[in-house]
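J.: Below is the structure I would like to discuss, written out as structure tokens.
The values are calculated or read from the model by the stated rules, or taken from the named source; none is laboratory data. Predicted model only: the values in this text are computed from it and were never measured. For neighbour counting, all protein chains shown are included, and Cβ atoms are generated from backbone atoms with ideal geometry for every residue, glycine included.
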Amino acid sequence: MGLNQNRIIMTVAWVFPGQGSQKIGMAKQIENLPNTKEKFSYASEVFERNLFEICELAPEPTNPLSDLNNTINTQICLFLVESILLDALKDNGLKPTYVAGHSLGEITALYCADVFTFEDCISLIKVRSQLMVNAGKGSMAAVIGFERNQLDSLLKKIDDVVIANDNSSSQVVLSGSNEAIDNLSSEISCKRFLKLNVSGAFHSPFMNDPAAKFSEYLKKIKFKKPSFPVISNYEPKFCSDSNELKIRLENQMCNGVRWRETMDLMAKDNDLHFVEIGPSNVLSGLAKRHLKNVKISQVSSSDQITY
């Protein structure tokens, strides 16, 4: 009885990570969950490659089509793992108060809130990942341990670079032209400046053309009313309106992921349980450093379908 009372009182946020959270072996950890084989098999047919195998193989630079770190594989494999885990949690009678996802994770959040069907997500991710891979312009870099004021003034001064992921007060990811990112790296004082191995300047104006094409594609997909509020990357406020969620997802690809503000919104709740659903603890790590007095749980394998 005490546990149930506790669950009623607590606000439970389910959060879903994006690229960078993938891990070799992540599909093995969930293979005995209901529907794992069927879901991987369905998505593998749509993508025309063995996605379960890709999750298990060591990276193969010689064959990018079988490399988990290739965007075209990463996005769908992460979605599969996250969606199978969240479905298992729901089957166990658990559900969130609201959901949020980081970049690709926003699509998982929308699936979790019943805005999209599983099949819609597979098609949508195929289109999204292909558009992002083909964007082919610019690059990205992570900046850790910096002064926000200095960063803001450099961004005003240097064209063609923006904050792609505002992850926390001490970690951001920049997106822009190679030259602009190099210029900024030579001027900023920070603990670490790390160029990322990605195929384009994601979540920046460099993605305007792919974002316009993605927006066209989204017109064909029905957005249902969410079962619980969703916090979007583009506009980090609680939203239960399907039309508004559509606008926010259309804007996501060419605008920054405002994760710091997402956590600030969550922090307004005094009794928050932050549950990261996915193969690693990237978002949990950010939450530990950014949020105070919050219960944090991690669900990444079939032997922990509870929290």
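J.: Would you pick out the residues in segment 188-234 that are among the polar types (S, T, N, Q), in contact with an Asp or Glu (Cβ under 7 Å, 6 or more places away or on another chain) and more than 23 Å from Lys156 (Cβ to Cβ)?
T.: Correct list: Ser215, Ser227, Ser232.
J.: Restricting the search to segment 238-260, which residues are over 20 Å from Gln19 (Cβ atoms) and of a type outside the set (Lys, Arg)?
T.: Phe238, Cys239, Ser240, Asp241, Ser242, Asn243, Glu244, Leu245, Ile247 - these are the residues of segment 238-260 that are over 20 Å from Gln19 (Cβ atoms) and of a type outside the set (Lys, Arg).
J.: Follow-up question, since we're still on this one. Do you know which of the residues in segment 5-28 that are under 11 Å from Thr74 (Cβ atoms) and among the small types (Gly, Ala, Ser) is modelled with the lowest pLDDT?
T.: Gly20
J.: Name the single residue, out of those in segment 25-56 being of a type in the set (Val, Ile, Thr) and over 17 Å from Leu85 (Cβ atoms), that is farthest from the chain's Cα centre (by Cα).
T.: Among those residues, the one meeting the criterion is Val46.
J.: Answer with yes or no whether Asp303 is touching a Lys or Arg at 6+ places or on another chain (Cβ under 9 Å) and acidic (Asp, Glu).
T.: no
J.: Looking only at segment 187-205, how many residues end up being aromatic (Phe, Trp, Tyr) and over 17 Å from Thr74 (Cβ atoms)?
T.: So the answer is 1.
J.: To continue, here is another question. Restricting attention to segment 234-286, which residues are among the hydrophobic types (A, V, I, L, M, F, W, C) and without any contact (Cβ under 8 Å) to a residue 60 or more places away in the chain?
T.: Those that are among the hydrophobic types (A, V, I, L, M, F, W, C) and without any contact (Cβ under 8 Å) to a residue 60 or more places away in the chain: Cys239, Ile247, Cys254, Leu265, Ala267.
J.: Can you give me the ranges of the helices (runs of 4 or more DSSP H) entirely in segment 194-289 with at least 1 residues that are among the hydroxyl-bearing types (Ser, Thr, Tyr) and farther than 15 Å from Gly101 by Cα?
T.: 208-218, 242-252
J.: Given the conditions (1) within 17 Å of the chain's Cα centre (by Cα); (2) more than 30 Å from Lys225 (Cα to Cα), and given that Leu194 satisfies all but one, which numbered condition is not satisfied?
T.: Unmet condition: (1).
J.: I'd like the residue in segment 15-50 that is part of a loop (DSSP other than H, G, I, E, B) and of a type in the set (S, T, N, Q) and, out of all such residues, is surrounded by the fewest Cβ atoms within 10 Å (Cβ to Cβ).
T.: Per the stated criteria, the residue is Asn32.
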